[in-house]
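Visitor: Sharing a structure below in structure tokens format, with a few things to ask.
The values are calculated or read from the model by the stated rules, or taken from the named source; none is laboratory data. These numbers were taken from a predicted model, which means no experiment stands behind them. Cβ placement follows ideal geometry from the backbone for every residue including glycine, while neighbour counts extend to all protein chains displayed. With ligands, DNA and RNA removed, areas are computed over all heavy atoms of the protein, side chains included. Shrake-Rupley method; radii C 1.70, N 1.55, O 1.52, S 1.80 Å.
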Amino acid sequence: MNNTKPKAAVLTLGCKVNQFESSSLSESLTSAGYDVVDQPVGVELVVINTCTVTQKADQEALALIRRLKRHNPAAHIVATGCLAQSNPELLAETGLVSMVLGQDEKARLLSHLGDLNTCGGEIVRVAAPSGLAGDFGAPAPERTRAFYKIQDGCSAYCAYCAVPMSRGPSRSLDLDRVLEGLRTYLERGLSEVVLCGIHLGHWGRDLAAPLSLASLLHTIGGEISPDEETFRLRLSSVEPLEVDEEIIEAYEMYPWLAPHFHLPLQSGSDHVLELMGRPYRAGQFQTLVGRLKDKWPWAGIGVDVMAGFPGETDEDFQATYDLLKDLPITYFHVFPYSRRPGTRAADSPEQVAEHVKRARVMELKALNQARRHEFARLNSGRRETGLVENTPHRASGRLKVLTGNYLSALLPEGFNASAGSLIPVKLSESRNEWSLLEAEPVFS
Ligand code: SF4
């Protein structure tokens, strides 16, 4: 009798929400008897959880599919995720995928797999996304920290963004299930959980008895009361206006909240923010960052920033650059504007030339590099708590830690610590890599 399990791999493109959902897909495939492996070598099934945030993300998904089929023509490829939802034809037309599943069907992957062997061509199953974020539960994390999706979808319709079309309206996991998931992670001994969502700051607003993200933090504080020595909670990206007084108050009250804020600024020009349909202005953003830094001088503050939005003039770009130069931001994620079909900005006649976009991206990236370096240098000599990661630093083989304020540092050569544990460390500058620090464990 052949007891060999069929092999499967789940590959993820895109954001933390996709990473969370891929963990859940891996877990359900494992429970259905698959041997889920990291590398798609010799597998019968590959599930690709796609992203469609930019044209580049679409191209990456297509290139990955072509590569997989070239190396393993017999494998079934199931494409799901945001690109599968918003443009299933693009994937089906490749003739290389066996199945295209939309967002809701992703959560029901197992029930679709039986059809793979009975059908000759590709199967496309995509409906308007309406499922609750909770369809996914709290899967076993594949890393030392868990990304826990508690909200899905977005109703904001910013002028450049296709996500509301691919993910549907904002929906929240209800309070009891959020708490149940967190307790599961604590029981599993996880030291860090990252609460994430597509529009995390809107968590709770759609529930029958509406709640807020701040009220959730207070409930976690009251009912679970994590021990900051062994556990920390991080919030993924929260819109600037949604980091409100109540959220700040929660950060003041609970030391288990990691001092790290990720704020999607997008532009420092009020004119561009208006065109984008973003609800805040540069002055409000400046005030918020100032307040956060006053309260937590060592907080990590990251921003998403976009260059080359249609109608962005040289003066607009300069306003963004100057704002970022003057504010104590610790890192940026820089994106060139990408024309997404179906969005308002895609039809704008004021598209910015590609070479201008590229030059602006380069300028922002150079500023980002300088800023990261400076923040790493300023942290030299400080004590922090580091989460030991399970993948060692590639060049040196040394273990790495991630600090609460989102810095990476290397533990001394030969030093052993369990992956996923929190250890106190003293940071110092590294002679080798500018953005990495050295982390000396502190035993007292
Ligand atoms: S808030 Fe705007 S940018 Fe963010 S997901 Fe919603 S529509 Fe997209």
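Visitor: Restricting to DSSP H runs of at least four residues, report the calculated mean residue ellipticity at 222 nm for the chain, -39500 (n - 2.57) per run over all residues, nearest 500 deg cm²/dmol.
Guide: The helix-only estimate for the chain comes to -9500 deg cm²/dmol at 222 nm.
Visitor: Cβ neighbours within 10 Å, averaged per peptide: list 173-185, 19-31, 348-360 in order, most packed at the top.
Guide: Final packing ranking: 19-31, 173-185, 348-360.
Visitor: Relative contact order for the chain: what is it in percent, counting Cα pairs under 8 Å that are at least 6 residues apart?
Guide: RCO, the chain: 10 percent.
Visitor: Using every Cα-Cα pair within segment 328-444, state what percent have a distance larger than 24 Å.
Guide: 43
Visitor: Using only alpha-carbon positions, what ratio does the radius of gyration of segment 52-97 give when scaled by 2.2 N^0.38 Å?
Guide: After normalising by residue count via 2.2 N^0.38 Å, the value is 1.08.
Visitor: A further question follows. Nothing charged except the Cβ atoms of Lys and Arg (+1) and of Asp and Glu (-1): what's the magnitude of the dipole of segment 163-247 about its Cα centre? Round to the nearest 20 debye.
Guide: Its charge dipole is roughly 420 debye.
Visitor: For the chain, treating each Cα as an identical point scatterer without solvent, what Debye log10 I(q)/I(0) comes out at q = 0.08, 0.10 1/Å?
Guide: -0.48, -0.78
Visitor: Separate question: Can you give me the pair-distance distribution of segment 219-294, C-alpha pairs, 10 Å bins, whole percents?
Guide: 16, 44, 25, 12, 2
Visitor: Could you state the accessible area per residue of segment 64-109 in Å², with a 1.4 Å probe and every protein chain left in place?
Guide: 38
Visitor: Rounded to the nearest whole Å², what accessible area per residue is found for segment 311-444 with the 1.4 Å probe?
Guide: 54
Visitor: Considering only protein heavy atoms and a probe of 1.4 Å, how much of the accessible area of the chain is carbon and sulfur, as a whole percent?
Guide: 50
Visitor: What is the P(r) of segment 28-112, as percent of Cα-Cα pairs per 10 Å bin from 0?
Guide: 18, 52, 29, 1
Visitor: With +1 on each Lys and Arg Cβ and -1 on each Asp and Glu Cβ, and nothing else charged, work out how big the dipole of the chain is about its Cα centre, in Debye to the nearest 20.
Guide: 1100
Visitor: Next up: Please give the net charge around G14, taking every other residue with its beta carbon less than 12 angstrom from that of G14, where Lys and Arg add +1 and Asp and Glu add -1.
Guide: 0
Visitor: If I ignore ligands, DNA and RNA and count only protein heavy atoms, how much of W203 is accessible to a 1.4 Å probe, in Å² to the nearest 10?
Guide: 0
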